[in-house]
Each structure stands twice: as C-alpha cells, then as structure tokens.
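**Q** Below you'll find the structure I mean.
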Amino acid sequence: MDRLVMRARCQSRRRFVRGALAFAGASLLSACAAPLSALPQKRPARIGMLSASTSPSDALQLDALRGGLRDLGYIEGRDIVLEPRFTEGRLDRYAESATELVQLSVAVIVAYDPNAILAARQASYTTPIVMAGGSEVPVERGLIASLARPGGTVTGVTYGTPTLSAKRLQFLKDSVPKLERVAFINDPAVSPIESNPKVGVFRTAAEALGLHLDVVDLPTPEELEGLFADLNRTQVGALFVDGSSTAFNNRLRLSELAIRYRLPSIWQGSQYKDAALLVYGANYADVWRRAAIHVDKLLKGAKPGDLPVEQPTTFDFIINLKIAQSLGLTIPQSVLAQATDIIQ
C-alpha cells in the first residue's frame, strides 16, 4: 500500500511540473507574439528649455535644439518630450519657470541666458543644465568652474571667447575709419557694469585700437530715446550692444534709434542681424544644435560636472547694407570681403 501511495504522489508531482512548464512556455510565446504597443514601454525623457522669447514662433533656438536631437536619432514623443518655457522677455519669471520644470522631473534643462542658467541651478541642485551659449565668459560669470571640468550641474557650449571683443571693435573701426569713441551698452538685468567681465575685455581692446570706450546701461524701453540723446551729446560715434534677452526683445527699437542718430552698431550674434549694421559672433543655431550633443550624453549617464564645456566653431560676420544705406555709410571692400553673409 505504501508503495502505491508513493507512486501516486510521484505521478502527481510529474503532472504538476509538466503543467507548470507548459504554462510558462505558453506565456512566453504569447508575450513574443504580442504587438510592441502592448508591451511595457520606456517613458520618454523630458527635456526642459528656458527662454525669454515671447512665443515658440520667435524661438529659433527651439527649432535648432529639436533638429539637433533629431539628428542624433531621437524621436519626439517616443524618446523625448520637449518642455519649453517662454517668459515673454520677463527675466523675473525665470525662477518660477525653472521650478515648474524641476517639478515635472525633467531629465535636463537647456538655457541660453545666464540668468536662466542661474535660476535653473537655484531651482535644483541635482538637475543637469546645458548652457546653449550662456556667456562668452562663463567662468568669470560664475556659471562653471572651468571649461575642462565645469563642476556642479552646468555644462554645454559657450557663446564664444573674450577675444571676440577685440575682433568686433576692429570690424567696427574698419567700417567707420574716423571712429574715435564707442559706447558699450550693458544690460544691468544680466550684470552690473562693475561686475560684467566683458567690460574690462572691451576696455583693453579699445585702448589697443586707440578708441575711447563709454560704458552705459541699457535703460527701460521708455528711456531709450534719452539714452541715444545722451550718446549724441557725448559725441559717441558707434556702439556695441551686449547680447541679452532684453536687448533682443528691444532690438528693432534700438536699431531705429541708432539709424536716427547716425550711430553704426555691432551686435554679438546672428539673431540680431535684422537690427545691426554689423554682427560678429557664434552662429546662434549651431550653438543650440551642438547643445543637443550634451543633452544626449547626459541622458546616457554622463555627469555634467565631468563633461567639458565646448566653445563654438562656427562664426558669423554679417553686414546689413540696408542699414548702412540708411546711415549714409559705405562699407569698405576690405570689410565686405570678410563677411559670411551680406544683407542687401
């Protein structure tokens, strides 16, 4: 009898094991046969973007960033979701927008304006930040520790180097041969004059070229007329407008006043080409496309503090002949020959 019981138990066990294996195999075959949409999918990474532009249609950088990510194989909606935040020219809204992005658990925040970068860093001590331009002097502005080892949470692409300042003044002097006095228009919302590292660089470059440099703050839109009247009284012969979100949003008004007061101007990037006589600086769209490379590396596990900051490799020298004609100015052929683009 005991043998019969033992045999029955063994047969029962064998039947159970065979049934379990059959069920597991059927489940595996079912999973393999199921459509991909029915299987668990990896969530797309959220990429935050801070911009002072007034709307997506004004944001050239958004298109460039999207294109850069697409070139790297990312498909929007499947691999990534872009979360742009536009502050409509109000720098005081950076903090609120940065906090909102952090609460969305974005994987990376991409920003151009130094104030946007600082706001993002303040909103989170862990979220990686990619500067797409940021500054030509990011170390001096306190955005990073060094180009090779930025430290902290910020990495990315700079908007140039301090040597661009001397090149801009040289282009300006070559275009206006009798030039003696130049104004540097500083945006106090970005940096006070006394702590703007670019001011010292410009002073040194101006002295080397025998130019006198006046440094003045960019006022409110309502006070712009008064600024140009003052520049006229002090016999300023040309001006450089330091790039900022405020300057960009008021660029056409600044251009109108510069033409009225017969003041040739040079600005620092291609996004200002509709307002400036001359533009010299890093190619704006290229900087944002290259920022996508840093986003890619961060999504793949790189640490921002160990990811070297790059400098731009593509530069624009744009001459706006329509503005030259309005100023009654003839640009020398030697200057025209160096242009990468001429607006007729």
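**Q** Looking at (1) part of a loop (DSSP other than H, G, I, E, B); (2) farther than 19 Å from G160 by Cβ, which one does P312 not meet, given that it meets all the others?
**A** It is condition (2) that P312 fails.
**Q** Take the residues of the stretch 177-202 that are without any contact (Cβ under 8 Å) to a residue 40 or more places away in the chain and assigned to a loop (DSSP other than H, G, I, E, B): which is farthest from N250 (Cα to Cα)?
**A** Of the stretch 177-202, the ones without any contact (Cβ under 8 Å) to a residue 40 or more places away in the chain are 188, 192-195, 199-200, 202.
Cutting the leftovers down to assigned to a loop (DSSP other than H, G, I, E, B) gives us 188, 192.
On the way: P188: 15, P192: 19 Å.
In this case the residue turns out to be P192.
**Q** Select, from G305, G301, the only residue that is free of Cβ contacts under 8 Å to residues at least 40 places away in the same chain and either surrounded by fewer than 21 Cβ atoms within 10 Å (Cβ to Cβ) or farther than 30 Å from T127 by Cβ (or both).
**A** Details: G305 fails: free of Cβ contacts under 8 Å to residues at least 40 places away in the same chain.
The conditions single out G301.
**Q** Farther than 20 Å from R290 by Cα, charged (D, E, K, R), over 21 Å from the mean Cα position of the chain (by Cα) and modelled with pLDDT of 95 or more: does that describe E194? Please lay out each step first, then the result.
**A** Working: farther than 20 Å from R290 by Cα: yes; charged (D, E, K, R): yes; over 21 Å from the mean Cα position of the chain (by Cα): yes; modelled with pLDDT of 95 or more: no.
Spelling it out, it is not the case that E194 is farther than 20 Å from R290 by Cα, charged (D, E, K, R), over 21 Å from the mean Cα position of the chain (by Cα) and modelled with pLDDT of 95 or more.
**Q** Filter the stretch 319-342 for residues that are part of a helix (DSSP H, G or I) and of a type in the set (S, T, N, Q); which is surrounded by the fewest Cβ atoms within 10 Å (Cβ to Cβ)?
**A** To start, the set of residues in the stretch 319-342 that are part of a helix (DSSP H, G or I) comprises 321-327, 333-336.
Still in the running and of a type in the set (S, T, N, Q): 325-326, 333-334.
On the way: Q325: 13, S326: 16, Q333: 7, S334: 9.
The extreme case among them is Q333.
**Q** Now a separate question. Filter the stretch 102-141 for residues that are free of Cβ contacts under 8 Å to residues at least 24 places away in the same chain and assigned to a loop (DSSP other than H, G, I, E, B) and give the result.
**A** Once the filter is applied, which keeps residues that are free of Cβ contacts under 8 Å to residues at least 24 places away in the same chain and assigned to a loop (DSSP other than H, G, I, E, B), the stretch 102-141 yields only V139.
**Q** Going by the conditions given, is L239 crowded, with 18+ Cβ neighbours inside 10 Å and part of a strand (DSSP E or B)?
**A** Details: crowded, with 18+ Cβ neighbours inside 10 Å: yes; part of a strand (DSSP E or B): yes.
Yes.
**Q** From the residues in the stretch 154-190 that are of a type in the set (S, T, N, Q) and buried (at least 21 other Cβ atoms within 10 Å of the Cβ), which one is farthest from L263 (Cα to Cα)?
**A** The first filter runs over the stretch 154-190 and keeps only residues of a type in the set (S, T, N, Q), leaving 155, 158, 161, 163, 165, 170, 175, 186.
Next, from what is left, pick out any that are buried (at least 21 other Cβ atoms within 10 Å of the Cβ): 155, 158, 165, 175, 186.
Details: T155: 37, T158: 29, S165: 19, S175: 12, N186: 16 Å.
Once the filter is applied, the top-ranked residue is T155.
**Q** Shifting gears a bit: Take G243 and tell me if it is in the same structural domain as N196 (by TED's automatic domain parsing), in contact with a Gly (Cβ under 6 Å, 6 or more places away or on another chain), in contact (Cβ under 8 Å) with a residue 24 or more places away in the chain and within 23 Å of V176 (Cβ to Cβ).
**A** Values: in the same structural domain as N196 (by TED's automatic domain parsing): yes; in contact with a Gly (Cβ under 6 Å, 6 or more places away or on another chain): yes; in contact (Cβ under 8 Å) with a residue 24 or more places away in the chain: yes; within 23 Å of V176 (Cβ to Cβ): yes.
Yes, satisfied.
**Q** Taking the condition of a type in the set (F, W, Y) and under 17 Å from G269 (Cα atoms), does Y125 pass? Explain how you work it out, then say what you get.
**A** Details: of a type in the set (F, W, Y): yes; under 17 Å from G269 (Cα atoms): no.
No, not satisfied.
**Q** Turning to a different aspect of this structure: Of all residues being in a loop (DSSP other than H, G, I, E, B) and among the polar types (S, T, N, Q) in the stretch 242-272, which is surrounded by the most Cβ atoms within 10 Å (Cβ to Cβ)? Just the residue, please.
**A** The initial filter retains those residues of the stretch 242-272 that are in a loop (DSSP other than H, G, I, E, B), namely 242-244, 250, 261-264, 268-269.
Still in the list and also among the polar types (S, T, N, Q): 244, 250, 268.
Numbers: S244: 23, N250: 21, Q268: 27.
Looking at residues that are in a loop (DSSP other than H, G, I, E, B) and among the polar types (S, T, N, Q), I get Q268.
**Q** Same structure again: So which residues in the stretch 142-176 are in a loop (DSSP other than H, G, I, E, B) and in contact with a strand residue (DSSP E or B) (Cβ under 7 Å, 6 or more places away or on another chain)? Show your work before the answer.
**A** Taking the stretch 142-176 as the starting set, the residues that turn out to be in a loop (DSSP other than H, G, I, E, B) are 142-153, 159-162, 176.
Selection gives L143, I144, T153, Y159, G160, V176.
**Q** Which condition number in (1) touching a Ser or Thr at 6+ places or on another chain (Cβ under 6 Å); (2) modelled with pLDDT of 90 or more is the one that Y284 fails?
**A** (2)
**Q** To continue, here is another question. Please go through the stretch 301-344 and pick out each residue that is hydroxyl-bearing (S, T, Y) and modelled with pLDDT of 95 or more. Don't jump to the end; show me each part of the working.
**A** As a first pass, look at the stretch 301-344 and keep what is hydroxyl-bearing (S, T, Y): 313-314, 326, 330, 334, 340.
Scanning the stretch 301-344 gives S326, T330, S334, T340.
For every residue, the table says whether it meets (1) at pLDDT 95 or above; (2) outside the structural domain of G269 (by TED's automatic domain parsing); (3) crowded, with 18+ Cβ neighbours inside 10 Å; (4) not basic (K, R).
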{"residue": "S55", "(1), (2), (3), (4)": "no, yes, no, yes"}
{"residue": "D58", "(1), (2), (3), (4)": "no, yes, no, yes"}
{"residue": "D71", "(1), (2), (3), (4)": "yes, yes, no, yes"}
{"residue": "E76", "(1), (2), (3), (4)": "yes, yes, no, yes"}
{"residue": "T87", "(1), (2), (3), (4)": "no, yes, yes, yes"}
{"residue": "R90", "(1), (2), (3), (4)": "no, yes, no, no"}
{"residue": "L101", "(1), (2), (3), (4)": "yes, yes, yes, yes"}
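**Q** Quick one: is S97 crowded, with 18+ Cβ neighbours inside 10 Å, under 18 Å from the mean Cα position of the chain (by Cα), without any contact (Cβ under 8 Å) to a residue 60 or more places away in the chain and over 19 Å from A292 (Cα atoms)?
**A** Values: crowded, with 18+ Cβ neighbours inside 10 Å: yes; under 18 Å from the mean Cα position of the chain (by Cα): yes; without any contact (Cβ under 8 Å) to a residue 60 or more places away in the chain: yes; over 19 Å from A292 (Cα atoms): yes.
Yes: the conditions hold for S97.
**Q** Kindly establish whether K173 is modelled with pLDDT under 95, in the same structural domain as L231 (by TED's automatic domain parsing), within 30 Å of L329 (Cβ to Cβ) and basic (K, R). Full working, then the answer.
**A** Details: modelled with pLDDT under 95: no; in the same structural domain as L231 (by TED's automatic domain parsing): yes; within 30 Å of L329 (Cβ to Cβ): yes; basic (K, R): yes.
Against the criterion (modelled with pLDDT under 95, in the same structural domain as L231 (by TED's automatic domain parsing), within 30 Å of L329 (Cβ to Cβ) and basic (K, R)), K173 does not qualify.
The values are calculated or read from the model by the stated rules, or taken from the named source; none is laboratory data. All values reported here derive from a predicted model rather than from experimental measurement. All Cβ positions, even for glycine, are placed from backbone atoms using ideal geometry, and neighbour counts span all protein chains on display.
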